[in-house]
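The values are calculated or read from the model by the stated rules, or taken from the named source; none is laboratory data. Here the structure is a predicted model, which means the values were calculated and not measured. A quick note on method: Cβ atoms are made from the backbone with ideal geometry, for glycine too, and the neighbour counts reach across all protein chains shown. Calculation scope for accessible area: heavy atoms of the full protein, side chains included, ligands and nucleic acids excluded. Shrake-Rupley method; radii C 1.70, N 1.55, O 1.52, S 1.80 Å.
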Number of protein chains: 2
Amino acid sequence: MKIFDDKMVEEAARVNHVADLSHATIGETLLVAQYLEQKTGIPFIRMDQGSPGLPINKYGVEAEKRALDSGIGSQYPAAAGVKELKEAASEFVKAFLNIDISPRACLPTVGSVAGSFGSFIACCQRKSYPQMGKVLFIDPGFPIQKSQLRILGIEWKEFDIFPYRGEALRAKLEDELKDGDVAAIVYSNPNNPAWISLEEDELQIIGELATKHDVIVMEDLAYFAMDNRRDLSHPYVEPYVRTVARYTDNYLLMLSASKIFSYAGQRIALVCISDKLFDRKCPAFAERYHDEGVFGPTFIASIQYMITSGCTATTQYGYAEMLRLSCEGKINFVEDTKAYAIRAEKMKRIFCDNGFTITYPKDVTETIGDGFFFSLSYPGMSGSELVKELIHYGVSSINLDTTGSLQQGVRACTSRMRDELYSVLEERMRQFKEDHQ
Amino acid sequence: MKIFDDKMVEEAARVNHVADLSHATIGETLLVAQYLEQKTGIPFIRMDQGSPGLPINKYGVEAEKRALDSGIGSQYPAAAGVKELKEAASEFVKAFLNIDISPRACLPTVGSVAGSFGSFIACCQRKSYPQMGKVLFIDPGFPIQKSQLRILGIEWKEFDIFPYRGEALRAKLEDELKDGDVAAIVYSNPNNPAWISLEEDELQIIGELATKHDVIVMEDLAYFAMDNRRDLSHPYVEPYVRTVARYTDNYLLMLSASKIFSYAGQRIALVCISDKLFDRKCPAFAERYHDEGVFGPTFIASIQYMITSGCTATTQYGYAEMLRLSCEGKINFVEDTKAYAIRAEKMKRIFCDNGFTITYPKDVTETIGDGFFFSLSYPGMSGSELVKELIHYGVSSINLDTTGSLQQGVRACTSRMRDELYSVLEERMRQFKEDHQ
C-alpha cells in the first residue's frame, strides 16, 4: 500500500503550484516533499536536491573569520580575485590534476553557477559579434545550465551520451560540430545526474575535436575526485583526476567548493582557464566591449566583473585556505566526502534488491563507482511514472528526462540520507515491489 | 610646475595598457595612479574609485562570524534569500522610506551590480519575447550599468539631466518614452557621479510617466540617506528618504550595503520590488522560461537564481543584523558615514579657492549637499583635458563624459581622502592655478 494516496500527492502539487509532477524541477520536487512531510509527520527519503549533507569544512570557516576580523570586507575585492586564492588554485590544479595553469588565469566566481553563466557568455561571444555561437551539451547534465542559456538567448544542442560511449563518441561529436556553429562543449565529470565518468580515451576524443573545430570545452568538476574507484586523495601523486586539459588548450575548468568542502552556502568556485586560451586574441570581444579583445582579460574585466563585481572577499580567503591545506595534505577532502559513496552503495543495494536497476550502470570499460548521485530505473515504468510513483512511497527524486537523458529513470542523490532511514527505505521499497509485481 | 612630467604619465599609461587617459575607466585610472605612486613614492590624491574609506561595520562582522560558526554555510541558501534578511529589509524600507514592501518581495543579490544585472534582464524581457525592451538612463550615471547591457545585447538611450531639471524633465521624458520601446528607467539618487538629488516634484514626474507608459523604474539607492542637507538618520520619523516608490507601483529599489555599512567586499545588496509589480502576470516570461510568468517569482527563480544561485549565506545574516539594528536605532549609519560629507566640504573649498567650479552645483531649488562624490570643472578646460592635467599634479579622477554627462568636468570621490593630504592637495592646487592663469 502507498504511504501517500493520490489525493494527498495531488494536493501537495496543487498547493505548491507544481503543474506537472512528472517533470518537476528540483525546487518544485523539494516543495512537494517538504509539504507532505510537514502535513503528515512521515519522514521523506529526500533524494531530490544535491545540497551537501556533511558539516562545513572548519578550516575554511576559521580562515573566513580571520578575514572578517582583519577588516578587508570593507573594500571591493580585486576583479581578478584575491592573490592568495589565485595562487592556491593554481597549486591545487597542479597537485590533483597535474596540469599547469598560472594564478592569473584562475578566476573566483560566485559558485560554479556564476562561473558557467559567465563562461557561456565568453565562449559564445568569442568568435562573432553580434551573433553568438551555440552550446553543445554532452548529456545527461545540470538543468540550470540550460536555464542560463534561456536568459541569455543562446541556442544549444544536446545528446544523451548513453549510446555513444567510447570510440562511438568521435563520430557523434564530429557530426554535431561539423556545421561550425558550436562555440562550447559542456559536461560534468563525474556526471550529474548519472555518476558516469568519461574515460581517458573519451576525454582525448573531446579534446582533439575541440582543437580541430576551435570549440572551448567547459569541464564541470563539481564532484572533484569523488569517484571512489581510484584513490585520488594524494597531492602530487598518481593517479590524477582525469581532465580534458591533457588533450586540448581550449578549456575552462570549473572547480566548485560546494561539494568537496561542503561549502555550498558560501557561493564560491573557480574558473581555471588554459593559459593559451587566456592569451588568445578575440576581435569579436574588442568589437563588442571596446576593450583589447584578449580572452582572459575580457572574461575577467568586461564580463564576470560586470555581473557581480567580484566574490565575497572573506569567502575567497576561506577557499584559499582549504585549497592550500589540501595541497599540503592537511585536509583530505576525498576522505571527508567518502560518506556519500558509502550511502550510495547501501541505497543502490536496497533498490536493486527490490527490482530496480541502475539506468547508467557502466562506463566504457568499468562499472561506475559510488558517490553523490546514481540513476534508477524500474522495469516497465517510464521515468515520468517512476518519479511520481516514488513520491507515493515517500521517496523524492528527479526525472532523468529533465537532465537531457533519453533513458527511462530518475536521479537519486545521496546527500540527505541518514543512518536511521535505511530500514525505512528498505521497508518502503519492499512494499513498492510487492505493489508492482 | 607639474609633479609628474608628460613622459612619466605616458609611461604609466603605456605600461598599464591604457590607450586613452582622457577617457580611462575607473580601473584604468586606478592602475595609472598606483603606478606613479609606487614608482616615485609621491602620494596621489586618489579621487578615482568609490571604494569605502571607512572601517567595516562591526555588527555585521560579528553576525557573520556567528553564522559561520552555526554551520549553515554548508547548505545552499534559499533562492529568495534567508528569512531574517527579507524581514529586516522590509522593516528597513518602512523605517527609512516609509514605504510598504512585503518581505517576499525583498531579494538579496551579490551586490547591487548583480542586482541591476538581473533587474535589467527582468525589466527588458518582461513585455515581449524574444525581443527585449530598451533601457533609458537619466544620466550622469554608473558606467558599469551600460557595460552590463553590452553583455546582454540590450539597447539603451540616455540623456544628461543637467538642462532638464524640475518641470522640464516631464517633456523630455515624454519624448524619450513616446515610442514605447523603453522597458526601464535607471538613475541613482543621490547621484553617482554628480551628487545631485532628484527633488520630490521630479520623482513625481518620473513615477507618473512610468505608470503612464508602463515602464519600470530602477532606483539605485547606493548612497542611501548620505545627502547631508537633511537629517535622515531617525527610523520611523520624518523626513524620510525620497523615493519614486511614492509615485508609481512600477519600481525596483536597489539597496546596497557597500557604502552605508562600508561592506563593499562582502558583495551584498537587495532588490526590493513593489508588491503590485511582484504579482503582475507577464506572458512573455511564461513563453521564455516556461514558468508561471509572474514578475516576482520569475525574477527570483528563473533569472536571479540562475546567475548566482543565491548570495553567500553568512553574509546575508550580517546584512540582516545591520538593517535590524538600524531600524532599532542601535546603528546610526547616517552618522557613521558623515566623514564623507566633511571631506567633500573641505575638498570642494580647496578646489574652488583655486579657480575650480562645481560642475553640477544645484538641484531645482537647493544647492547640492556634501557626500561621497562631487563634480569639478576648470574654466577653459574640457573634461578630457582636466582629467589628464590633474594626473600631472598627483590627483586622479574620472572624466564625466564616461558617465553620460555632456558637461565638461570630472568626478571626484571623497572616500580615500586622508587628513594629512588636505595640505598636500591645497599646495598642488595652488600650483595648478598658478600654472593655468
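The residues of segment B:117-157 occluded by other protein chains by 20 Å² or more of accessible area, set against the chain on its own, are B:Phe117, B:Ile144, B:Ser147, B:Arg150, B:Ile151, B:Leu152; surface from heavy atoms, 1.4 Å probe. So for the protein assembly as shown: antiparallel DSSP bridges make up what percent, rounded to the nearest 5? If we restrict to bridges inside the protein assembly as shown, about 45 percent are antiparallel. Placing +1 on each Lys and Arg Cβ and -1 on each Asp and Glu Cβ, with no other charges, gives chain B a dipole about its Cα centre of roughly 680 debye.
Against chain B, whose longest principal axis is taken from its Cα atoms, helix B:422-435 shows a tilt of about 60°. The sum of -39500 (n - 2.57) across all DSSP H runs of n ≥ 4, divided by the residue count of chain A, sets its helix-only mean residue ellipticity at 222 nm to -12000 deg cm²/dmol. Across identical copies of the chain, B:Arg246 has label-point separations of 6.8 nm, listed in ascending order, with the point defined 7 angstrom from Cα along Cα→Cβ. Result for chain A in a Gaussian network model with C-alpha springs under 10 Å: among A:Ile56, A:Ile185, A:Ile42, the largest mean-square fluctuation is at A:Ile42. For segment B:223-331, applying the loop criterion from DSSP together with a ceiling of 13 other beta carbons within 10 Å to the chymotrypsin sites (Phe, Trp or Tyr not before Pro) yields B:Tyr236.
Taking the 1.4 Å solvent-accessible surface of the protein assembly as shown as the whole, the part contributed by carbon and sulfur is 52%.
So which trypsin sites (Lys or Arg not before Pro) in segment B:120-199 are both in a DSSP loop and have at most 12 other Cβ atoms within 10 Å of their Cβ?
B:Lys178
Label sites at A:Asp100 and A:Glu62, each approximated as a point 7 angstrom past Cα along Cα to Cβ, lie 3.4 nm apart. What residue among A:Glu287, A:Glu64, A:Glu84 shows peak mean-square fluctuation when chain A is described by a Gaussian network model with Cα springs under 10 Å? Among A:Glu287, A:Glu64, A:Glu84, the largest GNM mean-square fluctuation belongs to A:Glu287.
Position B:Thr357: other-copy label points at 8.4 nm, ordered by increasing distance, label point 7 Å along Cα→C-beta.
Measuring with a 1.4 angstrom probe and ignoring ligands and nucleic acids, A:Trp156 comes out at about 70 Å² accessible. Pairs with C-alpha atoms separated by more than 25 Å, drawn from the list B:Lys2/B:Lys39; A:Lys127/A:Lys178; A:Lys86/B:Lys338; B:Lys65/B:Lys259; A:Lys281/B:Lys134, are A:Lys86/B:Lys338; A:Lys281/B:Lys134.
Between helix A:383-392 and chain A there is an angle of about 60 degrees, using the helix long axis and the longest principal axis of the Cα atoms. Taking the Cα centre of the protein assembly as shown as reference, the dipole from Cβ charges on Lys and Arg (+1) and Asp and Glu (-1) amounts to some 700 debye.
Projecting the Cα atoms of A:Thr29, A:Ala12, A:Pro55 onto the charge dipole of segment A:1-55 (Cβ charges, centred on the Cα centre) puts A:Pro55 farthest toward the positive pole. Interface residues of segment A:228-272, defined as a loss of at least 30 Å² in heavy-atom accessible area between the chain alone and the complex of all protein chains with a 1.4 Å probe, are A:Gly265, A:Gln266, A:Arg267. Computed from the Cβ-Cβ distance with R0 of 45 Å, the FRET efficiency linking B:Lys157 to B:Ile342 stands at 0.75. Copy-to-copy label distances for A:Gln34, where each label lies 7 Å from Cα along Cα-to-Cβ, are 4.2 nm in order of increasing length. Summed over both chains, the area buried between B and A is near 4500 Å², taken from the accessible surface of protein heavy atoms with a 1.4 Å probe.
A 1.4 Å probe run over the protein chains yields, for the protein assembly as shown, 35 Å² of accessible area per residue, whole-number rounding. The spread of Cα positions in the protein assembly as shown, taken along each principal axis and listed from longest to shortest, comes to 95, 55, 50 Å.
Of all DSSP beta bridges located in segment A:58-327, what percent are antiparallel, nearest 5? The antiparallel proportion sits near 35 percent. Against chain A, whose longest principal axis is taken from its Cα atoms, helix A:338-353 shows a tilt of about 40°.
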